[in-house]
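Here the structure comes first, spelled out in structure tokens, and everything after it is commentary.
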Amino acid sequence: MNEQHIVTIATELKIAPQKIIATLKLMEEGATIPFISRYRKEVTGNLDEVQLADIRQRHDQLEALDSRKDAIIKSLNERELLTDELRVAIAGAETLTSLEDIYLPYRPKRRTRATIAKEKGLEPLAKIILEQSNETIPETAAAEYINTEKKVNTIEEALAGARDIIAETINEDKDVRQIIRDFFAKNSVIKSKVQKGKEDAGEKFKDYFEWSESISDAPSHRALAMFRGEKVGILSLYIRPSDDEAIQLIIRKVITSSNKTTEQMELAVKDCYSRLLSTSMEVETRMHLRERADDEAIKVFVKNIKELLMESALGQKAVLAIDPGFRTGSKVVCLDKQGKLLFNNVIYISKSPRELAEAVEVIPNLVKHFKIEAIAIGNGTGGRETEKFVRSLPIAKELEAIVMVNESGASIYSASKEAREEFPDQDVTVRGAVSIGRRLMDPLAELVKIDPKSIGVGQYQHDVDQNKLKSSLDVSVMSCVNNVGVEINTASKQLLSYVSGLGPSLALNIVNYRNENGPFKSRKEIKKVSKLGEKTFEQCAGFLRIISAENPLDSSGVHPESYSIVQQMAKDKGVEIKDLIGENNEITKSIDLKQYVTDQIGLPTLNDIIKELAKPGRDPRKKFEAFAYEETVQKMEDLTPGMKLPGIVTNVTNFGAFVDIGVHQDGLVHISEIADHYVSNPADILKVHQKVEVTVMEIDQKRKRISLSLKKNPGERPSSASKNKPNGGQQSSKRDNKSRASNKPAFNSNPFADLL
């Protein structure tokens with residue numbers, strides 16, 4: 001373990017070195033972040049999942065930096081270019097960028113204008129000019145290097161070759177590169193322009209046909225929109241600061257005298273900037289802007305996915321699910337309390353009076369026969385009409401809930417390999433309806449079966465770095481799954497694969513064992529699963545639940561390694577373990593936890609044990625509450641400006657939030673309409689699946705766009721000017737006001753909904 005890395009991480013993250021050492025040691029031993037966070041609080045000093053992830057990420061970055069340093073030193077050694085000074089400089093590089101700047105002059109390169117000039121013997125002339133001596137007259141010095149055999153025929157050709165060498169030397173100077181890099185980062189402007197003849201094809205990008213703004217002001221969604229426009233051949237992008245100012249910065253850095261050499265140096269500087277430096281810096285700046293935009297978009301996506309996965313669950317209830325359809329009918333399935341398919345059928349509510357009458361009989365009969373407790377209805381085409389039909393049935397009053405379920409991605413799951421394996425004899429419509437019903441029962445358990453990108457709760461998720469996105473999503477999904485816990489006897493292999501320490505292979509082994517031997521009766525039995533060793537058991541056991549186990553602790557979040565402590569507590573109180581379980585348990589309350597502190601287990605873990613005894617296997621998700629749309633509004637034609645309607649947030653982005661109001665087209669609440677005060681980040685106010693009341697502002701039937709507001713007084717500016725300022729009421733700058741204004745494109749030209 002590199003001591004310097006520990007110091008660096010401790011300094012940057014403001015975490016004690018010993019906590020970082022302990023964390024990295026656990027990770028090296030194979031411990032997962034959820035396990036460390038939950039069951040090794042004493043070892044890490046109670047670090048949470050975010051801190052643990054930050055430690056791992058920064059450690060990986062530093063390891064990658066070391067690996068690159070080793071590769072560079074090896075390359076220099078092999079070419080006999082490594083000096084003590086270079087070795088020290090490389091060892092001291094703190095970032096990959098600074099490391100590559102050090103290495104740049106020594107990097108093997110293709111034949112350049114400078115190397116050609118060196119081949120002509122002009123390097124000594126370049127060094128003479130670079131010295132900028134008052135005695136040097138460039139033309140006189142150049143005359144000595146005329147050589148027709150080397151194709152240096154004139155003084156000007158000699159000077160031009162020398163300038164090529166000087167330009168490359170300046171380009172490879174790490175201090176110059178850092179000055180220009182900083183200048184690009186602070187002063188670059190991103191400009192977009194529509195390519196000739198692409199105006200009609202690029203209607204979605206209309207806002208960016210003639211767009212310009214500082215890259216420091218450009219939010220991620222605008223940057224990604226422009227990058228996408230460029231990728232599909234609609235826009236041309238240009239990212240640069242003022243060329244003249246950049247050149248003057250270089251001149252001030254490299255020209256140290258004012259004499260006869262100055263003109264040649266200035267020409268070399270201008271050539272260096274225009275031909276070499278500006279191009280590489282634009283590439284770097286573009287890359288950093290893209291990374292920043294990607295990171296922000298991924299952050300938004302991950303937050304939305306986490307909110308969606310942690311959505312309230314109806315729980316183990318018998319559910320009738322309907323996948324609505326007009327022409328082909330609505331597919332109806334009945335599921336038992338574990339989500340098992342019991343029956344499927346098709347009803348038609350819009351074809352003929354006879355078929356409608358049949359549907360009126362079918363639904364109540366199914367509800368009674370299968371003891372249905374709730375009905376789930378997909379929110380796709382025909383969803384509102386189907387909901388209205390179901391609610392009109394007398395049997396509806398006997399149900400616990402009738403809920404419209406977001407079916408995004410259900411069709412993708414129904415056609416997947418996993419769905420075919422589970423329901424080989426059913427078609428995609430049945431599988432889709434089953435998915436809708438299971439989403440109501442347990443959104444987390446069902447949504448883990450679907451590629452998160454197909455759920456539609458991000459911004460530009462198909463454009464960002466896919467490896468980084470997948471890595472971030474996997475961490476988020478694993479966190480949610482382990483936070484909730486998994487019932488091992490009913491969980492799918494997809495859900496089990498996210499449990500700490502498992503993965504797809506062991507998850508499949510668990511399912512196979514379950515199929516061959518029946519339900520697990522205890523956590524100890526988990527060790528019998530093929531290839532599931534002691535270390536894996538340690539990682540996963542605390543997150544797996546066995547509700548019907550003889551030992552009540554097997555259904556809780558108490559780790560088996562702590563069972564002996566609970567047994568000792570019960571023994572000391574003269575009771576059974578089951579007598580310690582339950583809320584407001586007087587026996588449990590009377591336990592003095594300090595008596596059970598050991599070198600391995602401290603008060604943080606003991607407090608967690610007591611919480612688990614109060615509510616064994618408690619679900620951290622909020623209690624389920626049914627939601628209903630406005631019954632009189634079912635399509636866009638029913639909307640009028642000024643209407644106040646209930647809605648559900650379906651997506652939160654940097655520029656606003658999308659809300660489902662039950663008309664098959666989500667409306668946009670722009671960031672400027674989220675609250676009566678200034679909002680810098682919509683996620684500070686809203687989250688996915690939050691229930692809200694919105695006011696309809698505008699309806700564009702042709703473009704299928706709805707503008708909504710969450711303000712008490714929609715469309716009005718905040719009553720206090722200071723509330724609209726991003727700097728807490730201080731005097732705002734013109735740039736702040738301009739940025740605020742530019743963050744709200746015109747309603748009819750807002751491309752964001754189409755681009756998500």
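Condition check ((1) part of a loop (DSSP other than H, G, I, E, B); (2) surrounded by fewer than 17 Cβ atoms within 10 Å (Cβ to Cβ); (3) of a type in the set (D, E, K, R)) across all residues:
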| position | (1), (2), (3) |
| --- | --- |
| Glu631 | yes, yes, yes |
| Pro641 | yes, yes, no |
| Gln665 | yes, no, no |
| Val669 | no, no, no |
| Val688 | yes, no, no |
| Met697 | no, no, no |
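Candidates in the range 265-281 are the residues that are under 15 Å from Thr97 (Cβ atoms) and not polar (S, T, N, Q); of these, the one that is farthest from the chain's Cα centre (by Cα) is Leu277. A residue that is of a type in the set (Asp, Glu) and buried (at least 20 other Cβ atoms within 10 Å of the Cβ) can be found somewhere in the range 540-562. Applying the criterion of being in contact (Cβ under 8 Å) with a residue 60 or more places away in the chain and in a loop (DSSP other than H, G, I, E, B) to the residues of the range 584-617, the residue that is surrounded by the fewest Cβ atoms within 10 Å (Cβ to Cβ) is Gln600.
In the range 360-429, counting only helices (runs of 4 or more DSSP H) that sit wholly within it, the ones holding 2 or more residues that are crowded, with 22+ Cβ neighbours inside 10 Å and out of contact with any Phe, Trp or Tyr (no Cβ under 7 Å at 6 or more places or on another chain) span 383-392, 410-414. For the range 339-350, filtering for residues that are under 27 Å from Ile488 (Cα atoms), in contact with a strand residue (DSSP E or B) (Cβ under 9 Å, 6 or more places away or on another chain) and assigned to a loop (DSSP other than H, G, I, E, B) leaves 1.
One residue alone among Thr136, Thr115, Thr140 is of a type in the set (S, T, N, Q) and within 48 Å of the chain's Cα centre (by Cα), and that residue is Thr115. The numbered conditions (1) assigned to a loop (DSSP other than H, G, I, E, B); (2) surrounded by 22 or more Cβ atoms within 10 Å (Cβ to Cβ); (3) touching a Gly at 6+ places or on another chain (Cβ under 8 Å); (4) of a type outside the set (Phe, Trp, Tyr) are all true for Val464 except (3).
When the range 475-506 is filtered for residues that are more than 24 Å from the chain's Cα centre (by Cα), in a loop (DSSP other than H, G, I, E, B) and of a type outside the set (Val, Ile, Thr), the ones remaining, listed by number, are Asn489, Ala491, Ser492.
Every number here is computed from the coordinates shown, using simple stated rules; none is lab data. This is a predicted model, so every value here is computed, not measured. Please note: Cβ atoms are built from the backbone with ideal geometry, for glycine as well, and neighbour counts cover all protein chains shown.
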